[in-house]
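To start, the structure under review is shown below, and the notes come after it.
The values are calculated or read from the model by the stated rules, or taken from the named source; none is laboratory data. All values derive from a computational prediction rather than experimental measurement. In this analysis, Cβ positions are derived from the backbone assuming ideal geometry, glycine residues included, and neighbour counts consider all displayed protein chains. With ligands, DNA and RNA removed, areas are computed over all heavy atoms of the protein, side chains included. Shrake-Rupley method; radii C 1.70, N 1.55, O 1.52, S 1.80 Å.
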Amino acid sequence: MKTFMNLASALLSAMILLASTSDALSTKPPSAPAPAIVKANPVINLMANGMTLLKPVFAAEAKLQASLLGSGIVEQDVAQEIAAEVNSSPIVIYTYGLSPFSTEAVSILEKNGYDFKKIELGAEWFLLNGKDSVKRVLLSDFVDNGATSLPKVFVGGKCIGGCADLAKSVESGEFATLVNSGKNTKKKMFSFL
C-alpha cells in the first residue's frame with residue numbers, strides 16, 4: 001500500500017507540474033461569457049483521456065476506502081445530499097483541490113464564461129474522510145463507465161462526465177446547447193429517492 005501511495009503521489013506531482021506550465025491554474029472568473037470557445041490544455045486533456053486505463057484499480061480502491069472510512073455513514077443520506085447538490089445550480093462540478101483534472105475543468109468553465117457551483121470533496125482521493133469517500137463511490141453511479149475519478153460535471157442535474165468529457169462537449173458546442181436548453185433528462189440514480 002505504501003508503494004501505491006508513493007506512486008500515486010509521484011503521479012499527482014507530475015500532473016500538477018504539467019498543469020502549472022499552462023495557464024490552466026487561473027482562478028479569476030470572467031465577468032461575461034467569452035466570445036470564442038477556449039479549449040482545454042492539450043496535455044491535461046490527453047492525460048484525462050488516458051486515466052480510463054486505471055479505472056478498474058481506482059474503482060476497487062474507492063470501494064475499499066469507502067467501506068473502511070465510511071462504515072458508519074448512511075448511504076441514503078449521502079445520496080439525498082448529492083441529489084440536492086446536483087440540482088442546486090444549473091452547472092455543478094465536484095472536484096479535488098489538488099487534481100490537475102479538476103483544476104483544468106474549472107478553468108474551462110471559467111474561461112468560457114459559465115457560472116457554476118464548485119463542490120470540493122477534499123484535496124485528493126487519498127485524503128477523503130468517510131462521508132466523502134462514500135460520496136465519491138455514489139458519484140460513480142452517475143456515469144456510464146462507473147469512473148470514481150473527479151471532476152464530475154453536472155448540467156441540469158445530469159452528469160456529463162469528467163474533464164475530458166467537458167472539454168469535448170465545450171469544444172463541440174454541445175455543452176452550450178445543454179446549458180441553454182434547460183430540457184435535460186435527469187438520470188435518477190437512486191431508486192429510494
V78 vs. criteria open to solvent by less than 10 Å² (accessible area, probe 1.4 Å), closer than 18 Å to F154 by Cα and part of a helix (DSSP H, G or I): yes
Subset of segment 139-169 (residues that are open to solvent by 10 Å² or more (accessible area, probe 1.4 Å), out of contact with any Ser or Thr (no Cβ under 7 Å at 6 or more places or on another chain) and not polar (S, T, N, Q)): D141, F142, V143, D144, G156, C159, A164, D165, K168
Residue match in segment 114-126 (condition: more than 15 Å from C163 (Cα to Cα), without any contact (Cβ under 8 Å) to a residue 60 or more places away in the chain and part of a helix (DSSP H, G or I)): no
Filter pass, A79 being in contact (Cβ under 8 Å) with a residue 12 or more places away in the chain and among the hydrophobic types (A, V, I, L, M, F, W, C): yes
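Within segment 37-53, track down each residue that is out of contact with any Asp or Glu (no Cβ under 8 Å at 6 or more places or on another chain) and loosely packed, with under 15 Cβ neighbours inside 10 Å.
P42, L46, G50, T52, L53
Would you say F101 is assigned to a strand (DSSP E or B), aromatic (F, W, Y) and closer than 23 Å to A176 by Cα?
Criteria not met by F101.
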S133 vs. criteria open to solvent by less than 20 Å² (accessible area, probe 1.4 Å), touching a Gly at 6+ places or on another chain (Cβ under 8 Å) and at negative phi: yes
